[in-house]
1. Read phi for every residue in segment 158-167 and hand back ³J(HN,Hα) as whole Hz from Karplus 6.51 cos²θ - 1.76 cosθ + 1.60, θ = phi - 60°, with x for Gly and Pro.
2. Just flag the GluC sites (Glu not before Pro) in segment 108-142 sitting in loop per DSSP whose Cβ has no more than 11 other Cβ atoms within 10 Å.
3. Could you please state, rounded to a whole Å, how far the C-alpha centre of segment 217-243 is from the C-alpha centre of segment 60-116?
4. Just the accessible area per residue of the chain, please: how many Å² with a 1.4 Å probe?
5. Under the rule a/c < 1.5 gives rounded, and otherwise a/b versus b/c splits prolate from oblate, where does the chain land using the Cα gyration tensor?
6. Rounded, prolate or oblate: which one fits segment 51-176, using the alpha carbon gyration tensor with axes a ≥ b ≥ c (rounded when a/c is under 1.5, else prolate when a/b beats b/c, else oblate)?
7. Say the dipole of segment 103-243 comes from +1 at the beta carbon of Lys and Arg and -1 at that of Asp and Glu; which of Ala232, Pro243, Leu140 then lies farthest toward its positive end?
8. For Leu67, list long-range residues whose amide hydrogen, built 1.01 Å from N in the peptide plane, is under 5 Å from its own amide hydrogen.
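The values are calculated or read from the model by the stated rules, or taken from the named source; none is laboratory data. Computed from a predicted model, the values in this text were never measured in an experiment. Cβ: placed from backbone, ideal geometry, glycine included. Neighbour counts: every protein chain shown. All accessible areas refer to the heavy atoms of the entire protein, side chains included, with ligands and DNA or RNA removed. Shrake-Rupley method; radii C 1.70, N 1.55, O 1.52, S 1.80 Å.
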Amino acid sequence: MSRLFAWMIVFTLSTPVIAAETVIYSAEYTARSNGLTATARRLLTGNEDNRYTLVNRMTVEVLGATLGRIEETSEFLWHNETVQSLRYTYAQSGIRSQRESVEFDWEANVVRGSEESETWESPLPESNTVYDPLNFQFSLRQRLQRNPSLTDLEFAIADSDQIDMQTWRVTGEEVVSTGLGPINCLRIERVRDESSRRSTTIWLAREWGMLLTRLVQTSSSGDETELLLSNAIIGADPVTAMP
């Protein structure tokens, strides 16, 4: 199972429009890849100190037997419309075991990480906000809620032993058929080199706080993985489909 599989893994006038400041939510998904089916849940919680925790959990089962579990957690501050990353952890168990953590030391201006028995350290670029592999998705949603007319969004992401620059591009609007019914979404694609055989496309619900609704990824070998929303609550509002 790839990390991005873990990442998955984790309207009309009558539909309530979720404002940008409404960020707390809980969502459930069904994921499919190479004949495997997984259930995933993503949960965002926060407190009065503007400290937020984004958790992504996924369980892969075959014929009722659990093959593996994955949990990602991102802790960060959200203030002045800016994300300040604090800590990221990744844990996978089952057929394959893997652990990873990333710590952001803003006083020393470095990011430190560990993966199994290896550790690394990298300077933080002073001019950029640096995200972890999970909370950049939070920032992407927030940016598009504030300005739905954006086309390209760039993120500096601390991943493995380097700061990786990613660009995501809004490519259109589309109605997605989900477990709840049809939902109006923005379609966004990760920009890659023209020679790359990999692709990642996400769909975010326009009237539901840009909630992740669908994800499709194609690997370099041509394998496809899909994540699809099955249930969600944003604030106190259950997500519903278009009539």
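1. Working through the residues one at a time gives 7, 9, 6, 10, 8, 9, 9, 8, 10, 10 Hz.
2. Passing both the DSSP loop test and the Cβ count: Glu116, Glu126.
3. Between the Cα centres of segment 217-243 and segment 60-116 lies a distance of 21 Å.
4. Per residue, the chain has an accessible area of 49 Å².
5. Taking the square roots of the gyration eigenvalues as a ≥ b ≥ c, the chain is rounded.
6. Because a/c hits 1.5 or more and a/b fails to exceed b/c, segment 51-176 counts as oblate.
7. About the Cα centre, the residue reaching furthest to the positive side is Pro243.
8. Distant-sequence amide H within range of Leu67: Val60, Glu61, Val62.
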